[in-house]
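For reference, the structure discussed in these notes is given below.
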Amino acid sequence: MTDKKIAIVILNWNGEKLFAKFLPSVIRNSSFDNVDIYVADNCSDDNSIAYLQANFPEIKIIYLEENFGFAKGYNEALQQIDADYFVLLNSDVEVTPGWIEKCMLLFDSNEKIAAVQPKILSFEKPHLFEYAGAAGGFIDKFGYPFCRGRILNEMEPDIGQYNKATPVFWASGACMFVKAKVFKYARGFDEDFWAHMEEIDLCWRMKNMGYEIWYQPDSAVFHLGGGTLPYDSPKKIYLNFRNNLYMIIKNLPHKKSKRTFIARLFLDAIAAFKFLFGFNVRAFFAVFHAHLSLYKRFSIMRGKREIAKNIIRGDNHAEIYPKSIMWKFFIQKKRKFSDLDFNPER
């Protein structure tokens, strides 16, 4: 394993109940001289800090003055840490032996790699890939994210079909290894996102800068998922739709972003009315408010694209699926990554 300094950073908000279940595996499988474990506390109002101090005194605690959400919470915490690599880890993740070493091997093999994601399996159903990352993330031509092993809400069983290390489009924030200097050069997470898809936006920006994102199947973790917001939460739907639109405006070339945005007006309208016809009125309004929020901040997002122009090295990426994942899933009934006729490997 590399002799570079590694900081495992767990962002916490009222997660006391998760510590006893998940922290022991992190401590047990991360006991190296060059590895430090931090919990960055987003101003919890439960007993998180006292519990950590009493039961896990080896954990370093970073105190944040308010609940900054995922994006700003991590940005604030990582500014206070001196390390060569950051490992961003959700508080509801169980890790396995060798999870660090295997990911570091990928970094050592290719200096262009900025971020690495391990295989992410379900904690409750270990034979299945987990929603937040599975076997590495991609987006389609309209900006909708999906993964090897997970398309929309359809999870595949892990039968070794994705056991090759490969480049991907995005690495999951549930467990992401990232070079500290690249994270900082890319200006970290976009704090306007607050939470959800900020890691996809970061990976997109790093790829535009000429770096690569990889998936390492030899490293495995198990994610509980849904610990902060349930998958069907209206707030989560709002953040996912809004932040996905933010990404398109920020990261696609202007001509492509204009065409894609117009298409998304229709596609998101279909999604919203599907919620409505399914009697999920709160989800319908979540999509509506996501678009309103984008319109209010449209010029700000375009301005961020202009600011990033000087460090863009390329914005055509093999890991962007050139078709519609929604069409494939709902119309053609393609429920597995292997059904997509998509091979982004170099």
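Data overview
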{"read-out": "Residue match in the stretch 225-236 (condition: crowded, with 17+ Cβ neighbours inside 10 Å and modelled with pLDDT of 95 or more)", "value": "no"}
{"read-out": "Residues located in the stretch 321-346, provided they are in contact with an Asp or Glu (Cβ under 8 Å, 6 or more places away or on another chain), aromatic (F, W, Y) and part of a helix (DSSP H, G or I)", "value": "F329, F337"}
{"read-out": "Members of the stretch 1-38 found to be over 19 Å from S172 (Cα atoms), among the aromatic types (F, W, Y) and assigned to a helix (DSSP H, G or I), listed by number", "value": "F19"}
{"read-out": "Selected residue (criterion: modelled with the highest pLDDT) from residues of the stretch 1-32 that are farther than 18 Å from P97 by Cα and basic (K, R)", "value": "K5"}
{"read-out": "The stretch 281-303: number of residues that are of a type in the set (A, V, I, L, M) and buried (at least 17 other Cβ atoms within 10 Å of the Cβ)", "value": "6"}
{"read-out": "Filter result (touching a residue at least 60 places away in the same chain (Cβ under 8 Å), out of contact with any Leu (no Cβ under 9 Å at 6 or more places or on another chain), of a type outside the set (F, W, Y) and not in a helix (DSSP H, G or I)) within the stretch 73-92", "value": "I81, D82, A83, D84, V87"}
{"read-out": "Matching residues in the stretch 53-74 - criterion: being among the acidic types (D, E) and within 15 Å of I10 (Cβ to Cβ)", "value": "E58"}
{"read-out": "Contacts under 8 angstrom Cβ, first residue in the stretch 141-168 being farther than 23 Å from H317 by Cα and assigned by TED's automatic domain parsing to the domain that holds W214, partner assigned to a strand (DSSP E or B) and of a type in the set (S, T, N, Q), 6 or more apart", "value": "M155/S122"}
{"read-out": "Members of the stretch 271-280 that are surrounded by fewer than 13 Cβ atoms within 10 Å (Cβ to Cβ), out of contact with any helix residue (DSSP H, G or I) (no Cβ under 8 Å at 6 or more places or on another chain) and on the phi < 0 side of the Ramachandran plot", "value": "F277, G278"}
{"read-out": "Residues within the stretch 39-67 that are assigned to a loop (DSSP other than H, G, I, E, B) and either surrounded by 23 or more Cβ atoms within 10 Å (Cβ to Cβ) or in contact (Cβ under 8 Å) with a residue 40 or more places away in the chain (or both), tallied", "value": "2"}
{"read-out": "Among the residues listed as E345, E306, E319, the single one being among the acidic types (D, E) and more than 22 Å from the chain's Cα centre (by Cα)", "value": "E306"}
{"read-out": "Yes/no for A115 being in contact with a Leu (Cβ under 7 Å, 6 or more places away or on another chain) and buried (at least 18 other Cβ atoms within 10 Å of the Cβ)", "value": "no"}
{"read-out": "Residue match in the stretch 229-238 (condition: free of Cβ contacts under 8 Å to residues at least 40 places away in the same chain and of a type in the set (S, T, N, Q))", "value": "yes"}
{"read-out": "Extreme residue, surrounded by the fewest Cβ atoms within 10 Å (Cβ to Cβ), among residues of the stretch 309-343 that are under 18 Å from F169 (Cα atoms) and among the aromatic types (F, W, Y)", "value": "F342"}
{"read-out": "L292 being out of contact with any helix residue (DSSP H, G or I) (no Cβ under 7 Å at 6 or more places or on another chain), modelled with pLDDT under 95 and outside the structural domain of A165 (by TED's automatic domain parsing)", "value": "no"}
{"read-out": "Selection within the stretch 93-118 - touching a residue at least 40 places away in the same chain (Cβ under 8 Å) and either closer than 19 Å to N208 by Cα or polar (S, T, N, Q) (or both)", "value": "T96, F107, N110, K112, I113, A114, A115, V116, Q117"}
{"read-out": "Every residue from the stretch 13-38 that is surrounded by fewer than 18 Cβ atoms within 10 Å (Cβ to Cβ) and out of contact with any helix residue (DSSP H, G or I) (no Cβ under 8 Å at 6 or more places or on another chain)", "value": "K17, K21, P24, S25, I27, R28, S31, D33, N34"}
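The values are calculated or read from the model by the stated rules, or taken from the named source; none is laboratory data. Just so you know, these numbers come straight off a predicted model, no measurement behind them. As a convention, Cβ positions derive from the backbone with ideal geometry for all residues, glycine included, and neighbour counts pool all protein chains shown.
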